[in-house]
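Okay, structure first, notes after.
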Amino acid sequence: MGELGGAWGWLADGAHWSGESGVWHRLGEHVYVSGVALAIACAVALPVGLWLGHLGKGGALAINVSNIGRAVPVFAVLALFMVSPLRSAGYVPTIAALVLFAVPPLLTNAYVGMRGVDRSVVEAARGMGMSGGQLFLRVELPLARALVMTGLRSAAVQVIATATIAAMVGQGGLGRIITAGFNTFNTPQVLAGALLVAALALVVEGVLVAVDRYLLRPAAVR
């Protein structure tokens with residue numbers, strides 16, 4: 001309780017929330033980097049995973065290639081970018097590393113979700129005269145939604161948690177609060193930073209769950 005009390009006391013101090021090194025500024029940096037990385041990963045992975053799942057071809061190769069992002073340590077990618085010409089490109093190195101980390105769960109769940117749709121339902125829809133596009137939008141995508149959203153939630157939480165590593169190469173975000181605490185041997189500050197990251201991940205998870213439930217509701221009652 002002593003360390004938790006110290007962390008709560010640190011968070012309750014208004015001085016720690018203002019300024020360029022304050023919580024609000026670091027939170028904004030963290031949300032920006034995580035949001036941009038997740039958006040890019042979704043734009044890359046979801047169309048590929050959904051389309052390959054619809055076709056039923058090339059999925060295994062795409063998933064294996066995307067899983068390279070899981071095998072390569074994010075900090076190693078950040079360090080590599082920081083000694084390249086991109087070191088002066090702001091958040092680009094951090095975002096690039098996080099995109100590599102977020103693509104695998106998005107692509108894998110999208111592909112598996114599409115391939116998991118009951119084939120008898122698909123064949124029945126084809127028998128009713130649906131085109132490939134209609135089949136994709138009206139049958140396969142709604143039935144694959146649950147797994148796609150699971151992949152999105154998993155990627156979002158992983159990105160938010162991993163974005164703290166950016167502070168180790170001089171980038172912003174909530175990780176700077178943690179590293180500053182380590183540098184000054186301030187354990188309550190380290191714990192406070194970790195709690196802020198965990199809280200942000202939980203809030204984002206809750207928002208995505210709410211969106212998922214909203215999409216599950218019939219259109220007539222939305």
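One table, with the values for the structure above:
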{"quantity": "Residues of the stretch 130-189 classified as under 17 Å from the mean Cα position of the chain (by Cα), over 17 Å from VAL112 (Cβ atoms), not in a loop (DSSP other than H, G, I, E, B) and not polar (S, T, N, Q), total", "calculated": "9"}
{"quantity": "Top-ranked residue of the stretch 149-168 - restricted to ones that are open to solvent by less than 30 Å² (accessible area, probe 1.4 Å) and among the aliphatic types (A, V, I, L, M), ranked as nearest to TRP10 (Cα to Cα)", "calculated": "ALA167"}
{"quantity": "Qualifying positions in the stretch 70-116 - modelled with pLDDT under 85 and open to solvent by less than 10 Å² (accessible area, probe 1.4 Å)", "calculated": "LEU78, PRO93, THR94, ALA97"}
{"quantity": "Any hit, the stretch 8-29, residues being β-branched (Val, Ile, Thr) and within 28 Å of ASN109 (Cβ to Cβ)", "calculated": "no"}
{"quantity": "Per-region count, the stretch 131-145, residues over 22 Å from VAL44 (Cβ atoms) and open to solvent by less than 50 Å² (accessible area, probe 1.4 Å)", "calculated": "3"}
{"quantity": "Every pair of residues 6+ apart whose Cβ atoms lie under 7 Å, when the first sits in the stretch 26-37 and is of a type in the set (D, E, K, R) while the second is modelled with pLDDT under 95", "calculated": "ARG26/GLY172; ARG26/GLY173; ARG26/LEU174; ARG26/ARG176; ARG26/ILE177; GLU29/GLY172; GLU29/GLY173"}
{"quantity": "Test: residue in the stretch 142-157 that is in contact with a His (Cβ under 9 Å, 6 or more places away or on another chain) and in contact (Cβ under 8 Å) with a residue 12 or more places away in the chain", "calculated": "no"}
{"quantity": "Residues of the stretch 1-24 satisfying the condition of being in a helix (DSSP H, G or I) and surrounded by fewer than 16 Cβ atoms within 10 Å (Cβ to Cβ)", "calculated": "GLY2, GLU3, LEU4, GLY5, TRP8, GLY9, ALA12, GLY14, ALA15, TRP24"}
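The rows are residues; the columns are (1) of a type in the set (S, T, N, Q); (2) open to solvent by 30 Å² or more (accessible area, probe 1.4 Å); (3) under 30 Å from GLY19 (Cβ atoms).
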| site | (1), (2), (3) |
| --- | --- |
| LEU147 | no, yes, no |
| GLY175 | no, no, yes |
| THR187 | yes, yes, yes |
| ALA194 | no, yes, yes |
| VAL203 | no, yes, yes |
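The values are calculated or read from the model by the stated rules, or taken from the named source; none is laboratory data. Keep in mind that this is a model prediction, so the values were computed, not measured. Here the Cβ is made from the backbone with ideal geometry for all residues, glycine too, and neighbour counts use every protein chain on show. Areas reflect the complete protein model, heavy atoms only, side chains present, ligands, DNA and RNA absent. Shrake-Rupley method; radii C 1.70, N 1.55, O 1.52, S 1.80 Å.
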